[in-house]
Amino acid sequence: MSSAFDVIVVGGGVIGNAAAYHLAKAKARVLVLEREAPGGSATRAAAGMLAAQEEAGDDEAFLDFCLKSRDLFKTLVPEVEALAGFGTEWAVTGLWRAAADEAEAASLREKAHRQSERGLPARWLDAAEARAALPSIEAPHGAFLAPEDGLINPVLWSRALAEAARRLGARYAEFTPALSFLRDGRRVTGVRADRSAHAAGHVLLSAGAWTPGLLDGLDLRLPLEPVKGQLMVLSGAPGLLPAPVYAGDGYVVPRRDGRVLVGATAERVGFDTRPTPAAQARLAAWAARWSPALLKLPVVGLQAGLRPASADGKPLLGPAPGWDGVSLACGHHRNGILLSALSGRIAAEGALEGRWQEARGYAPDRFVAAGATA
Ligand code: GLY
């Protein structure tokens, strides 16, 4: 046995890095095993919207979970940036959805009313108001605005969490895939990786879409699969957009350096992360429909990553069913960046103290109990 840790985090994506940060802050001895470089595969599919009032849909409990996480960024970002020594471009810009037609306008007006009734800042703007606020977007039917949603640079955020965790003593082993578990009966006691075996009080699996492969080693099947997201990156548009805008089945997100991201596809094609011309054509068609000004900008990249999607699209946060000493923090699908603040804290508390109550709606055993294992 080469070393002993309180917690081994398997996966250095945004969720694993957030958990590692909270674990290190709680003075736990933590090792993060990452199969590639930290930064994560799902992060490459992320535009970085903190879109609690958009992505939660009609699920009120999930909306509460998303709002709680969004609000944590206010305190978490300054402390992580101070430790990491660099910024993450976090900003409360507001977040828009342009209505596609009168039917969607009616439903977004109703949503603004419903969210306002429950005390959330939410506004409906008619076509003239939307045009004044978003001159580069086609919104002839008006638009919904969630003024407290915002954005962050997902790559910088994930890196900052990892760097802050390191500064607090977390160890990172990069290009070091977890190979198998050390076990004592039904208890996981550590992880074998590369040529080393590491003992740990707890093992936290936050390996995104790769988590089911790890669970095979525990004869556990949970319904989680990769959903590829491709984003087209344009450059040279500083000030073109004040905030992220959703419309139809896509969105556009400004970066502080003038780049603009147009996203995103949702493709069930296994673990293939190669960008495709078909995706670029689809994203260009979206731009032609919603923001023709974008069509003149140079394409500087097409990036792809894998969202980890569970069968109900919600996270898996809690003990691995049927096992001790091992738990899951994965399956954040379209909301990994947004939920990193809350899920990272809950996962750290769960791994150290067995406290998962805040995430009780997202316990992995909901699939086992429902007989929905893959
Ligand atoms: N959160 C947006 C996406 O996953 O495309």
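Note on the chain: with a GNM built from Cα contacts shorter than 10 Å, the maximum mean-square fluctuation among Thr211, Thr75, Thr189 falls on Thr75. Calculated on the alpha-carbon coordinates, the convex hull of the chain measures out at 130 cubic angstrom per residue.
For the stretch 195-274, the set of trypsin sites (Lys or Arg not before Pro) satisfying both a DSSP loop assignment and a count of at most 15 other C-beta atoms within 10 Å is given as Arg195, Arg221, Arg256, Arg268. For the pair Asp365 and Ala266 in one chain, pulling the backbone fully straight at 0.36 nm per residue adds 33.0 nm over the alpha carbon distance. Placing unit charges on the Cβ atoms only, positive for Lys and Arg and negative for Asp and Glu, gives the stretch 156-271 a dipole magnitude near 360 debye about its Cα centre. Its DSSP H runs of at least 4 residues, each contributing -39,500 (n - 2.57), put the calculated 222 nm mean residue ellipticity of the chain at -10000 deg cm²/dmol, to the nearest 500. Using the Cβ-Cβ distance between Glu110 and Arg186 with R0 set to 51 Å, the FRET efficiency works out to roughly 0.55. Loop-located chymotrypsin sites (Phe, Trp or Tyr not before Pro) in the stretch 201-302 (DSSP state other than H, G, I, E, B) with a sparse environment of at most 15 neighbouring Cβ atoms within 10 Å: Phe271. Placing pseudo-labels 7 Å out from each Cα toward the beta carbon at Arg167 and Arg195 gives an inter-label distance of 3.4 nm. The lysines whose alpha-carbon is closer than 29 Å to the alpha-carbon of Lys314, local same-chain residues fewer than 8 away aside, are Lys25, Lys68, Lys74, Lys111, Lys228.
Here the label points at Gln280 and Asp249, each 7 Å from Cα along the C-beta direction, are separated by 2.1 nm in the simple model.
For the stretch 1-158, rounded, prolate or oblate, judged on the Cα gyration tensor with a ≥ b ≥ c (square roots of eigenvalues), a/c < 1.5 rounded, else prolate if a/b > b/c? It comes out prolate by the Cα gyration axes. Taking packing as the residue-averaged number of other Cβ atoms within 10 angstrom, the listed peptides 345-356, 98-109 run from highest to lowest as 345-356, 98-109.
In plain terms, the chain from Lys68 to Ala293 could stretch by 77.4 nm, reckoned as 0.36 nm per residue minus the Cα-Cα distance.
Per-residue 3J(HN,Hα) values for the stretch 350-361, derived from phi via the Karplus relation 6.51 cos²θ - 1.76 cosθ + 1.60 with θ = phi - 60°, read x, 5, 8, 10, x, 9, 10, 4, 4, 10, 5, x Hz in sequence order (x marks Gly and Pro). Placing +1 on each Lys and Arg Cβ and -1 on each Asp and Glu Cβ, with no other charges, gives the chain a dipole about its Cα centre of roughly 860 debye. With the cut-off at 1.5 for a/c, could you classify the stretch 262-374 from its C-alpha gyration tensor as rounded, prolate or oblate? Prolate.
Bear in mind that the values in this text are calculations on the coordinates, not laboratory data. Because the structure is a prediction, the values reported are computed rather than measured. Neighbour counts are summed over all protein chains in view; Cβ atoms, including those assigned to glycine, are modelled from backbone coordinates with ideal geometry.
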